[in-house]
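Below: one structure, written as structure tokens.
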Amino acid sequence: MLVSTDKILSALVETLQMVTVSFVFSILLGIPLGVLLYVTRSGGILEEKITFTILSFVINILRSIPFIILLVAIIPFTRFVVGSSIGTAAAIVPMVVYAGPYIARLVESSLLEVDDGVLEAADAMGATPLQTIFRFVIPEALGSLILNFTIATIGLVGASAMAGTVGGGGIGDLAITYGYQRFDGATMLVTVIILVILVQGLQSLGNGLSKIVRRK
């Protein structure tokens, strides 16, 4: 194998950094957008068709672009934000643009699973729209939200690997540089095993947390 253990560990740290930072920013972007989609949709507690239609349209456009194309298409924006189009920091920008709208749809989907009885109970107690969302709907949808966030995080692991094709760093970069370009099968195998373990670990963690929340 052409790659040392230290190099693999360094790449793993870069991947974890990319996934963690992009997940945090994607959540900060996706949750408000998802809640806005939920409350402004037809029959929502703050129904506003124009806002919903425009927001839904923009999110659909961003979600319809494959990540590898988005990665290249927004290079000028990435350079504007982080000053470079290569490296770990540069990979985080397209990952957030990719995952933010996706998480918004997942949040909307989770909130729509909440039983109408919860909304009726909130209304009967005289809750404001803000109180209805944060004290009734989101707590009720928490188990589903955790599972959907797990799906989004696993999607980010895949995106971080694809970012390696344009020098994004991390495990994907290692797989492309050594496993593909230098025909190092051992490195390719190790990187695949690491990604599989990472995804399995994240899914198990998400399933466990969701189960704990649903029991409460």
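The values are calculated or read from the model by the stated rules, or taken from the named source; none is laboratory data. Keep in mind the model is a prediction, meaning the values are calculated, not measured. Counting neighbours? That spans all protein chains shown, and the Cβs are built from the backbone with ideal geometry, glycine included. Accessible surface is based on the protein model in full, side chains and every heavy atom, while ligands, DNA and RNA are left aside. Shrake-Rupley method; radii C 1.70, N 1.55, O 1.52, S 1.80 Å.
What number of residues within the range 110-127 satisfy the criterion of being farther than 18 Å from Gly34 by Cβ and open to solvent by 60 Å² or more (accessible area, probe 1.4 Å)? Can you show your working first?
Of the residues in the range 110-127, the ones farther than 18 Å from Gly34 by Cβ are 115-117, 120-127.
Add one more test, that the residue is open to solvent by 60 Å² or more (accessible area, probe 1.4 Å), and what stays is 115-116, 120, 123-125.
Residues meeting the conditions: 6.
Which of the residues belonging to the range 148-167 are open to solvent by 30 Å² or more (accessible area, probe 1.4 Å), at pLDDT 90 or above and either under 17 Å from Leu2 (Cα atoms) or not small (Gly, Ala, Ser) (or both)?
At the first step, the residues of the range 148-167 found to be open to solvent by 30 Å² or more (accessible area, probe 1.4 Å) are 149, 151, 154, 158, 162, 165-166.
Those left that are additionally at pLDDT 90 or above: 149, 151, 154, 158.
Once the filter is applied, which keeps residues that are open to solvent by 30 Å² or more (accessible area, probe 1.4 Å), at pLDDT 90 or above and either under 17 Å from Leu2 (Cα atoms) or not small (Gly, Ala, Ser) (or both), the range 148-167 yields Phe149, Ile151, Ile154.
Among the residues of the range 168-181, is any open to solvent by 70 Å² or more (accessible area, probe 1.4 Å) and either assigned to a helix (DSSP H, G or I) or over 26 Å from Tyr102 (Cβ atoms) (or both)? Explain how you work it out, then say what you get.
Going through the range 168-181, the residues open to solvent by 70 Å² or more (accessible area, probe 1.4 Å) turn out to be 180-181.
Narrowing further to those that are either assigned to a helix (DSSP H, G or I) or over 26 Å from Tyr102 (Cβ atoms) (or both): 180-181.
Yes, there is a match, as at least one residue in the range 168-181 is open to solvent by 70 Å² or more (accessible area, probe 1.4 Å) and either assigned to a helix (DSSP H, G or I) or over 26 Å from Tyr102 (Cβ atoms) (or both).
Are any residues in the range 59-96 in contact (Cβ under 8 Å) with a residue 40 or more places away in the chain and of a type in the set (A, V, I, L, M, F, W, C), and if so, which ones?
Ile59, Phe67, Ile68, Leu71, Val72, Ile86, Ala90, Ala91, Ile92, Met95, Val96
For Phe23, only one of the following conditions fails: (1) assigned to a helix (DSSP H, G or I); (2) open to solvent by 20 Å² or more (accessible area, probe 1.4 Å); (3) touching an Asp or Glu at 6+ places or on another chain (Cβ under 9 Å); (4) not basic (Lys, Arg). What is its number?
Looking at each condition in turn, Phe23 falls short on (3).
Please name all residue pairs, on different chains or six or more residues apart, with Cβ atoms under 6 Å, provided the first residue is in the range 1-15 and is buried (at least 18 other Cβ atoms within 10 Å of the Cβ) and the second residue is aliphatic (A, V, I, L, M).
Ala11/Ile171; Ala11/Leu174; Thr15/Ile171
If only one of Ile69, Ile54, Ile86, Ile103 is among the β-branched types (Val, Ile, Thr), touching a Gly at 6+ places or on another chain (Cβ under 6 Å) and open to solvent by 30 Å² or more (accessible area, probe 1.4 Å), which one is it?
Result of the check over Ile69, Ile54, Ile86, Ile103: Ile86.
For the range 28-51, give me each residue that is of a type in the set (Gly, Ala, Ser) and in contact (Cβ under 8 Å) with a residue 40 or more places away in the chain.
Narrowing the range 28-51 to residues of a type in the set (Gly, Ala, Ser): 30, 34, 42-44.
Hits for the range 28-51 are Gly30, Gly34.
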